[in-house]
Structure formats: C-alpha cells, structure tokens
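S.K.: Here's a structure for you.
The values are calculated or read from the model by the stated rules, or taken from the named source; none is laboratory data. Keep in mind that what you see is a predicted model, and the values were worked out from it rather than measured. As a convention, Cβ positions derive from the backbone with ideal geometry for all residues, glycine included, and neighbour counts pool all protein chains shown. Surface areas here come from the heavy atoms of the whole protein model, side chains and all, with no ligands, DNA or RNA. Shrake-Rupley method; radii C 1.70, N 1.55, O 1.52, S 1.80 Å.
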Amino acid sequence: MLDKNGIAKRIAKEVQDGYYVNLGIGIPTLVANYVRDDIEVEFQSENGVLGMGPFPFEGEEDADIINAGKQTITTLPGASFFDSAMSFSMIRGQHVDLTILGAMEVAENGDIANWKIPGRMVKGMGGAMDLVASAENIIVAMMHTNKAGESKLLKRCSLPLTGVGCVKKIVTNLAVLEVTDNGFKLLERAPGVSVEAIQKATEGTLIVTGDIPEMAI
Amino acid sequence: MINKQVAGVDEAIKGIADNMTCMFGGFGLSGIPENAIAALVKSGVKGLTCISNNAGVDDFGLGLLLHQRQIKKMVSSYVGENDEFERQMLSGVLDVELIPQGTLAERCRAAQAGFPAVYTPAGYGTEVAEGKETREFDGKMYVLEHAFKADFAFVKAWKGDAAGNLIFKGTARNFNPNMCGAAKITVAEVEELVPVGELNPNHIHIPGIFVQRIFQGEKYEKRIEQRTVRKRE
C-alpha cells in the first residue's frame with residue numbers, strides 16, 4: 001500500500017517532457033517533488049503564474065508572488081505572470097497538458113465530486129470546475145477509501161458533482177485505474193496489494209483482465 | 001492626456017451608495033485594494049453585493065467589511081479562510097453565490113469587453129448550471145454565463161500614472177485587469193503613481209481608458225496568508 005508520497009511518486013511518472021501541468025492542493029502538490037529532473041516541465045498555478053519554482057528562502061517571501069494555495073513561492077527562469085482570465089484561457093483552451101487533482105468521490109462513468117459535502121460549511125469550488133470540465137488529461141490522486149473505510153470509487157457519485165464524465169485515470173494508495181465505458185479498468189496494483197483487496201475496496205465496476213502488474217515506483 | 005487622478009481615497013469612492021454592486025480585485029489577500037476597502041469600512045455604506053474571488057480573512061481584506069455587516073451578498077469562487085463569513089452565512093445574514101473561478105474571471109472580462117454572456121463548459125451537469133441555458137457545440141455541452149453588472153470596480157496595481165495606465169506585479173495581478181472597465185466606475189489604487197510619460201507604453205497592462213479614477217494608496221500592508229519557505233542549504 002502506498003502513502004501520499006507514494007501516490008505522488010507514481011503520478012510523477014505520468015509527467016512527460018514538454019508538459020505544462022496544473023497541480024491541485026493536497027497530494028497533487030507533492031508530485032512536483034518527484035518529477036524526473038532530466039525533463040522540462042512547467043507548473044501552472046491558476047492564480048496567474050506559469051513556471052512556478054520552490055518555496056522561497058526564509059526572508060525572501062514576496063506577498064505578490066503566491067500560488068493558488070496562497071503560499072509564497074518563487075518562479076523559475078522562463079516563468080510568466082498573467083491575469084485570471086488568461087489563466088483560465090490556458091485551462092479552458094486546453095493548453096495545459098495535464099491536470100492532477102484530488103477527489104472525494106469518482107464514479108465509474110468519470111464523474112467527480114470534490115467540492116461540497118451537504119450539511120458542512122461549503123468553501124467553494126475555486127478553479128476545480130473549470131479544470132475538470134476542460135482538461136483532456138486529468139489524473140485523480142486520492143486514497144481508495146475514506147476514513148470510515150468506504151470506497152471512493154463508486155457506481156455513481158453521492159456528493160454534489162464537480163464535473164461529469166471527465167476523469168480518465170486514478171492513482172490511489174492501492175491501484176492505478178483507467179475509467180472506461182464499462183467501468184474502472186485495473187492497470188496496476190500497489191506493492192503488496194492483491195487484486196482481491198482492490199476489488200473489496202472498489203464499489204464501482206472493476207474490470208480485471210489477465211495478470212495485473214505491480215507498480216514500479 | 002485625460003487626467004484620471006483624484007486627490008485621495010475619499011474622492012475615489014465618491015458616489016458609493018447602499019445596495020450597490022462592487023467588484024474587488026485580488027486573490028486571497030494578494031493584490032487587494034487595501035485602501036479602498038478601508039475607506040468603504042469608514043464610509044459605513046451597507047448592503048453591498050461584492051464580486052471577489054475570495055472574502056478576505058477575519059481581520060483583513062473584505063473581512064473588514066463583513067465584520068461591520070456591510071456586505072449583503074458575496075459572489076466568489078472560494079471563501080474558506082474566514083470565520084466571520086461562516087457565521088454570517090450559516091445564520092442567513094449573508095447571501096453567497098459560489099461560482100467557478102474561471103467563470104468569475106470571464107464574467108468580469110465579458111462585462112469589460114461588451115459581451116452579454118459567454119458559454120463555458122465549467123459547471124455543466126453540476127448544481128452551478130441549474131436554471132441556466134445550456135447548449136451543445138461540437139458534441140460538448142456548455143453553460144451560458146452572463147456578464148456581471150457592477151457599479152464600482154476597485155482594483156489595485158503596482159504602478160500607474162494620471163492617465164490611468166496600470167502595471168501589475170507578480171500574481172497580485174490576478175482578477176484586477178479583468179475588472180478594469182467591467183463596472184460603471186473603475187477605481188484603481190497603485191503603490192506608486194508615477195509622472196505621465198514615465199511608464200513605457202510597451203509595458204502597460206491596462207490602458208487608462210478602462211480606468212475612471214486613480215490614486216496612490218497611503219500605505220500597503222500586503223499581508224501574507226500562507227508563509228511557506230525552505231531552509232538554506
């Protein structure tokens with residue numbers, strides 16, 4: 001079974017040379033730590049920066065340079081700043097190659113829910129609805145089950161949706177799965193995790209064809 | 001040169017009245033019109049509808065207006081950092097419309113650019129699209145989102161001149177350029193108001209035509225919401 005960093009490491013392998021990537025808050029943010037350093041990748045933050053770098057050194061924080069999580073950041077050579085409409089032109093216009101975000105629930109038809117739990121304080125969707133509605137290449141990073149042990153990979157989402165039919169790939173602590181017309185297709189198992197354990201943790205239709213390889217991380 | 005410079009923040013907010021709709025630039029606390037917000041708090045204006053990506057924190061940004069119960073409705077994409085906001089929302093004092101961040105930006109830009117509405121894929125099939133027109137283009141579904149109608153837009157830039165030209169800095173740019181000219185009156189506050197002719201026309205982000213009033217803010221706190229740093233090796 002993987003921890004959050006393990007999930008991030010596995011997703012980092014999906015990042016290819018020349019990609020512009022938008023990372024959501026939480027596990028997706030960790031992906032930046034594991035991208036191979038022999039490829040060129042630029043990270044976009046929807047508040048208006050392309051070419052995000054690491055956190056600044058102590059004493060060099062700038063209130064005018066933050067990411068979408070409102071954290072102080074730096075920029076790398078070749079970076080650019082832009083306004084919010086242009087930022088979402090990059091996203092909506094499908095110029096961003098890969099979007100990685102977290103989820104509360106994913107359904108076997110590709111629906112995703114990650115912004116609202118009825119009865120709890122709702123903070124808002126931020127840029128998530130724009131991202132999921134537009135991106136061609138979305139990877140969801142999440143734990144396979146919630147804290148109560150219930151599956152987060154469902155036949156149908158029970159929470160209010162963020163987007164419909166948009167998720168293509170999911171990396172969890174247990175598995176890598178692809179969303180197909182017939183359900184969740186199991187691609188890889190996390191180290192030491194059996195197909196039966198994945199089946200047990202998946203409420204939606206799980207398609208298992210042949211031998212399922214263990215993830216190489 | 002058409003002069004847009006006003007004496008100070010009090011003249012800049014002249015005409016503000018109860019129940020108006022106002023846009024506020026900024027992302028989190030970055031690039032917010034600090035001086036205009038402070039003047040609006042002092043003015044005691046009430047019943048405002050505020051279009052702003054976020055709602056500030058308890059003791060800064062739009063949180064200051066919330067604290068004085070001057071806001072009737074917030075139109076935002078994310079409002080997570082504010083306890084007072086939560087109290088007022090749950091008790092029904094404050095009306096909240098949550099919309100996708102890109103839609104917020106584009107509804108501003110549409111107002112600026114003279115489009116009555118735009119189609120966006122964001123929110124299709126979700127509760128955000130309920131009651132709105134939808135339409136299919138090339139096999140994909142879109143939601144019709146209307147341009148905002150606002151009385152005032154309060155924006156903050158790094159540098160500007162009396163002609164109303166603006167240059168922004170870093171990610172403090174965010175929604176500010178999209179709100180310029182998107183309301184009946186755009187009030188720009190700048191950290192530094194430079195003599196006309198000093199700004200290189202090639203470097204101007206927002207031409208003065210989109211700005212009705214400009215002034216240099218008295219001071220900027222520029223508070224950091226999440227101070228994240230790394231150790232020197």
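S.K.: Looking only at region A:102-130, count how many residues are open to solvent by 10 Å² or more (accessible area, probe 1.4 Å) and under 22 Å from A:LYS13 (Cα atoms).
M.R.: 2
S.K.: Right, here's the next one. If the requirement is being open to solvent by less than 10 Å² (accessible area, probe 1.4 Å) and out of contact with any helix residue (DSSP H, G or I) (no Cβ under 8 Å at 6 or more places or on another chain), which of these qualifies: A:LEU177, A:LEU159?
M.R.: The unique qualifying residue is A:LEU177.
S.K.: Taking B:GLY102, is it part of a helix (DSSP H, G or I) and facing another protein chain (nearest Cβ under 9 Å)?
M.R.: Yes: the conditions hold for B:GLY102.
S.K.: Across region A:23-73, which residue is most open to solvent (accessible area, probe 1.4 Å) among those that are on the phi > 0 side of the Ramachandran plot and part of a loop (DSSP other than H, G, I, E, B)?
M.R.: By that ranking, first place goes to A:GLY59.
S.K.: Oh, and also: Scan region B:102-136 residue by residue and report those that are hydroxyl-bearing (Ser, Thr, Tyr) and open to solvent by 50 Å² or more (accessible area, probe 1.4 Å).
M.R.: The initial filter retains those residues of region B:102-136 that are hydroxyl-bearing (Ser, Thr, Tyr), namely B:103, B:119-120, B:124, B:126, B:134.
Selection gives B:TYR119, B:TYR124, B:THR134.
S.K.: List, please: which pairs have Cβ atoms under 7 Å, are six or more places apart or on different chains, and start with a residue in region B:79-98 that is more than 24 Å from B:GLY131 (Cα to Cα) and end with one that is open to solvent by 50 Å² or more (accessible area, probe 1.4 Å) and not in a loop (DSSP other than H, G, I, E, B)?
M.R.: Short answer, once both residue conditions are applied: B:GLU84/B:HIS67.
S.K.: From the list A:GLY127, A:GLY183, exactly one residue is within 14 Å of chain B (Cβ to nearest Cβ) and in contact (Cβ under 8 Å) with a residue 60 or more places away in the chain. Which is it?
M.R.: A:GLY127
S.K.: Also, quick follow-up: What are the pairs with Cβ atoms under 8 angstrom where one residue, in region B:121-133, is within 11 Å of another protein chain (Cβ to nearest Cβ) and the other, located anywhere, is polar (S, T, N, Q)? Sequence gap at least six, or different chains.
M.R.: B:PRO121/A:SER134; B:ALA122/A:SER134; B:ALA122/B:THR103; B:GLY123/B:THR103; B:TYR124/B:THR134; B:THR126/A:THR162; B:VAL128/B:THR103
S.K.: A further question follows. Identify, please: which residue in region A:73-99 is at the interface with chain B (Cβ under 8 Å from one of its Cβ atoms) and touching a strand residue (DSSP E or B) at 6+ places or on another chain (Cβ under 6 Å) and is, among those, farthest from B:ILE224 (Cα to Cα)?
M.R.: Among those that are at the interface with chain B (Cβ under 8 Å from one of its Cβ atoms) and touching a strand residue (DSSP E or B) at 6+ places or on another chain (Cβ under 6 Å), it is A:PHE81.
S.K.: Got a number for residues in region B:1-31 being among the charged types (D, E, K, R) and more than 15 Å from B:VAL41 (Cα to Cα)? Walk me through how you get there before you give the answer.
M.R.: From region B:1-31, those among the charged types (D, E, K, R) are B:4, B:10-11, B:14, B:18; that's our starting set.
From what is left, the residues that are more than 15 Å from B:VAL41 (Cα to Cα) are B:4.
Of the residues in region B:1-31, 1 are among the charged types (D, E, K, R) and more than 15 Å from B:VAL41 (Cα to Cα).
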